[in-house]
Structure formats: structure tokens, C-alpha cells
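Below is one structure, written out as C-alpha cells; comments come after it.
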Amino acid sequence: MRPDIVAAVTTRLLNFGSGPAMLPTPVLEQVRDEFLDLDGRGMSIVEMSHRSTRFAAIAERTEQRLRSLLEVPESYRVLFVQGGATLQFSAVPLNLAAEDMTASHLVTGHWSRRAAEEAARYCPVEVVADGGPGFETIADPETWRVRPDAAYLAYAANETIHGFEIPFVPLTGGVPVVADMSSTILSRPIDVSQFGVIYFGAQKNLGPAGLTVVVIRGDLLGRARGTTPTLLDYRAIAESGSMLNTPPTFAWYVAGLVLEWIAAEGGLSEMAERAERRAGLLYEAIDSSRLYRNNVDPRYRSRTNVPFGLVDPGLEPQFLEQAAAAGLIGLRGHRSVGGIRASLYNAMPQSGVDTLVEFMADFEERRAGLAEGERP
Ligand SMILES: *Cc1c(COP(=O)(O)O)cnc(C)c1O
């Protein structure tokens with residue numbers, strides 16, 4: 001092998017990017033080892049027919065692992081689709097709301113706002129509570145009123161850009177709850193039976209980009225409007241075993257390995273503990289410093305995406321540049337909000353957060369030194 005390639009694959013950066021994000025190294029190693037020849041079949045996973053018995057077994061096992069980790073009830077279907085979480089912003093109203101039904105939405109950041117805007121193309125939308133424009137807090141949940149005839153209540157369990165996480169399931173009096181869990185899925189145990197639909201793109205915490213998962217209560221299938229594209233019709237997808245057309249086979253396979261890794265590491269309660277520890281340390285570092293700040297209401301601070309600013313935003317380019325030089329990458333905040341953001345998904349080791357926090361303290365100390373006229 002070329003020596004430069006050996007070097008490239010043995011140096012792994014600490015990638016705090018929001019997605020596509022870090023994957024567990026043992027998973028990547030297994031993918032590498034199996035890539036040319038998947039268990040002696042003489043072909044790669046990416047060359048294999050999605051209709052082959054070998055791929056059918058991979059698909060089935062991935063679904064079973066997901067069901068087992070999330071404890072998905074029998075009456076729910078798991079769909080493996082494409083188009084990202086963004087396409088679900090359209091699929092949800094098309095499948096669950098007749099044209100004259102109202103869709104209720106919570107708006108707590110960029111993604112839930114986009115979901116509400118997209119739904120409004122298909123049916124009336126009522127915003128139950130809106131945390132904008134700053135998205136630092138939201139009205140008391142006691143005041144949220146979901147009309148009893150609403151088609152559903154949609155919200156983002158975690159806002160990846162604004163770092164705003166709702167740590168409970170909103171009460172809706174029986175109206176189906178639709179949750180975008182793209183950046184929080186598999187970071188803690190959840191009670192699937194409280195939801196009508198849960199969807200998430202794979203590239204944050206499950207696997208490579210290109211795969212999106214929809215978990216849907218069985219009785220919500222078969223309600224799609226007549227004009228719904230077949231590829232967006234939840235019942236048609238379910239009936240075809242998510243194989244109406246060619247699925248993203250590679251992403252589906254890698255997702256299965258990631259789920260296996262999570263189970264081997266101790267499952268979702270272990271992932272939740274790790275997430276708490278990672279985020280806790282970082283928020284503590286931010287709150288105890290004079291240079292960094294995060295203004296999100298502590299009740300809603302995200303455990304998986306921690307945005308923060310520098311008191312002097314003019315220092316942010318320097319911060320990012322020096323962080324990158326120290327092997328800490330992907331820290332630039334989303335282009336719509338700027339600032340810094342550290343995404344801390346399951347594959348981010350605690351040592352990665354320790355390193356980031358050390359770097360932050362060191363950067364702050366050097367700035368303080370400069371302010372006092374010392375040499376950097
Ligand atoms: C990333 C993200 C999306 C968009 O996902 P795509 O797969 O790129 O469409 C939507 N919602 C949330 C909460 C996200 O984090």
C-alpha cells in the first residue's frame with residue numbers, strides 16, 4: 001500500500017461536524033475489511049443486488065437491531081427511505097393530513113421552522129409555540145394548545161443548529177405526535193409508543209448519508225392523499241419492504257454495523273450516560289469561562305449539538321483555525337447562525353470532548369495573556 005495512504009487512514013481527526021458525522025472506528029474498520037469481499041461472496045456490498053438473499057438478510061438484521069435497541073412495538077413499521085429528513089417534511093403532511101386538516105407545529109429552530117413551512121404547502125398549519133427568532137427558550141409547555149382535530153403535532157426533538165432539545169414528549173390529548181429525531185435518535189432510550197411517527201436521517205448518529213428511517217404506528221398507514229407520489233406513500237413503502245425501488249444498500253448495511261456497535265457498547269442507557277457526560281463537561285466549560293457563552297435555556301440545552309459563541313465574535317476565525325491545527329475540526333457553526341458548534345454524537349469519545357475543553361481553556365488563557373500585554 002502507498003505509505004501516504006497508510007498514514008491517512010491511521011490518523012483520525014476529532015470531527016465535531018453535525019453530519020455527516022464521525023462513525024465508530026471499529027465499524028469503519030469492519031467496513032474496510034469486508035469491502036472487497038463480503039463474507040466470501042466474491043463481491044462488495046456495493047455490488048450486490050438489493051433483491052439478493054444476502055442483502056435481504058442484511059436489511060432484515062438491521063431492522064431487527066433497530067427495533068431491539070429502540071424497543072419498537074410490534075404494531076409499528078420501520079421504513080428505510082431516501083430523500084433525507086427534509087423529504088419527510090413533505091411526506092408527513094401528504095400521508096397524515098387531508099387538505100382541509102390542520103397540522104400543528106412547534107417551532108424551536110431552523111429545522112422545525114422548515115418543516116412547518118413545507119407542511120403549509122399542503123394543508124393549514126397552526127404554530128403551537130414559536131421560540132424564534134433567537135430560539136433560546138420557548139413558552140411554558142403548560143400553555144401549548146394542540147387542537148383536538150389536528151392531523152398531528154410535529155416538532156424537532158433536537159434542533160441541530162440551535163442546540164435546542166425538548167427532553168420530553170409534548171402532550172397532545174391523543175393527536176399523533178410526529179418527531180424529527182435526526183440528531184438525537186439513539187442518544188437515549190425513548191418510548192416509541194408515545195409517537196405516531198419518528199423519522200431521522202442516518203448521517204448524524206446512525207451511518208452514512210443517503211438513508212432515512214421512518215418509524216410509524218401501523219394504523220397511520222394508508223391515509224396518504226391520492227396525489228402522493230408512490231415513493232412517499234408510507235403504506236406502499238411498508239408493503240414493499242422499503243424496496244419500491246433501489247434502496248441505499250451501502251448506508252443500510254453500515255447502519256446495521258453501527259447498531260451492533262451500540263448494542264455491544266451497552267445500548268441506549270449507556271449512550272445516554274455518555275451523552276450527558278460529554279455535554280455536561282462542555283457546558284460547564286462554557287458557563288465557567290469569560291470568553292464563551294451559550295444562551296439556550298438550560299432546560300432545553302441539547303446534549304448532542306452544543307453551539308456557543310465567543311464574547312468577541314471577531315476571535316472566532318482564529319479559534320477555528322487554531323482548533324483545526326490541533327486536530328479539532330467541524331466546529332464552525334451553521335452558516336445561518338455563525339459561531340461555533342460542537343456536535344457530540346455517539347461516536348465522539350469522551351477523550352475528544354476532554355481535548356476540546358482543554359483547547360478552549362488554553363485559547364482563553366492565551367487571549368487573556370494578550371489582553372494583559374504579554375507575548376502570545
Ligand atoms: C440534518 C437535519 C435535517 C435535514 O436532514 P437531511 O437528511 O439533510 O434532509 C432535518 N432535521 C434535523 C433535526 C436535522 O438535524
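The table for this structure:
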quantity: Failed item in (1) more than 17 Å from the chain's Cα centre (by Cα); (2) away from the ligand (no atom under 16 Å from the Cβ); (3) buried (at least 18 other Cβ atoms within 10 Å of the Cβ), with Ser288 passing the rest; calculated: (3)
quantity: Residues being surrounded by fewer than 20 Cβ atoms within 10 Å (Cβ to Cβ) and either touching a His at 6+ places or on another chain (Cβ under 9 Å) or free of Cβ contacts under 8 Å to residues at least 24 places away in the same chain (or both) - total across segment 236-250; calculated: 7
quantity: Residues that are in a loop (DSSP other than H, G, I, E, B) and open to solvent by less than 10 Å² (accessible area, probe 1.4 Å), drawn from segment 185-197; calculated: Ile185, Leu186, Ser187, Phe195, Gly196
quantity: Residues of segment 169-190 classified as over 20 Å from Ala255 (Cβ atoms) and touching an Asp or Glu at 6+ places or on another chain (Cβ under 8 Å), total; calculated: 1
quantity: Unmet requirement for Ala56, which otherwise passes all of (1) more than 30 Å from Val337 (Cβ to Cβ); (2) touching a Leu at 6+ places or on another chain (Cβ under 6 Å); calculated: (2)
quantity: Hits in segment 88-118 (condition: more than 14 Å from Ala179 (Cα to Cα) and of a type in the set (A, V, I, L, M, F, W, C)); calculated: Leu94, Ala97, Ala98, Met101
quantity: Subset of segment 314-334 (residues that are open to solvent by less than 20 Å² (accessible area, probe 1.4 Å), assigned to a helix (DSSP H, G or I) and within 15 Å of Arg12 (Cα to Cα)); calculated: Ala323
quantity: Qualifying positions in segment 164-183 - among the aromatic types (Phe, Trp, Tyr) and in a loop (DSSP other than H, G, I, E, B); calculated: Phe168
quantity: Test: residue in segment 45-58 that is more than 30 Å from Glu142 (Cβ to Cβ), touching a Gly at 6+ places or on another chain (Cβ under 7 Å) and within 16 Å of the ligand (Cβ to nearest atom); calculated: no
quantity: Selected residue [within 16 Å of the ligand (Cβ to nearest atom), surrounded by 21 or more Cβ atoms within 10 Å (Cβ to Cβ) and of a type in the set (Gly, Ala, Ser)] from Ala202, Ala209; calculated: Ala202
quantity: Qualifying residue in segment 206-220 (condition: part of a loop (DSSP other than H, G, I, E, B) and over 16 Å from Gly83 (Cβ atoms)); calculated: no
quantity: Members of segment 25-66 found to be in contact (Cβ under 8 Å) with a residue 60 or more places away in the chain and open to solvent by less than 30 Å² (accessible area, probe 1.4 Å), listed by number; calculated: Val27, Val31, Ile45, Met48, Phe55, Ile58, Ala59, Thr62, Leu66
quantity: Criterion (within 16 Å of Glu159 (Cβ to Cβ), modelled with pLDDT of 95 or more and surrounded by 12 or more Cβ atoms within 10 Å (Cβ to Cβ)) met by exactly one of Val337, Val353, Val306; calculated: Val306
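A quick yes/no check of all residues on (1) among the charged types (D, E, K, R); (2) open to solvent by 50 Å² or more (accessible area, probe 1.4 Å); (3) modelled with pLDDT of 95 or more; (4) within 20 Å of the chain's Cα centre (by Cα):
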{"residue": "Trp252", "(1), (2), (3), (4)": "no, no, yes, yes"}
{"residue": "Ala255", "(1), (2), (3), (4)": "no, no, yes, yes"}
{"residue": "Trp261", "(1), (2), (3), (4)": "no, no, yes, yes"}
{"residue": "Glu273", "(1), (2), (3), (4)": "yes, yes, yes, yes"}
{"residue": "Arg293", "(1), (2), (3), (4)": "yes, yes, yes, no"}
{"residue": "Tyr300", "(1), (2), (3), (4)": "no, no, yes, yes"}
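For (1) of a type in the set (D, E, K, R); (2) under 16 Å from Gly163 (Cβ atoms), each residue gets a yes or a no:
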site	(1), (2)
Val214	no, no
Leu257	no, no
Ala263	no, no
Ala275	no, yes
Asp287	yes, yes
Tyr300	no, yes
Val306	no, yes
Gly309	no, yes
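The values are calculated or read from the model by the stated rules, or taken from the named source; none is laboratory data. This one's a predicted model, so the numbers in the text were calculated from it and none came from an experiment. As a convention, Cβ positions derive from the backbone with ideal geometry for all residues, glycine included, and neighbour counts pool all protein chains shown. Only protein heavy atoms, including side chains, enter the accessible area calculation; ligands, DNA and RNA are left aside. Shrake-Rupley method; radii C 1.70, N 1.55, O 1.52, S 1.80 Å.
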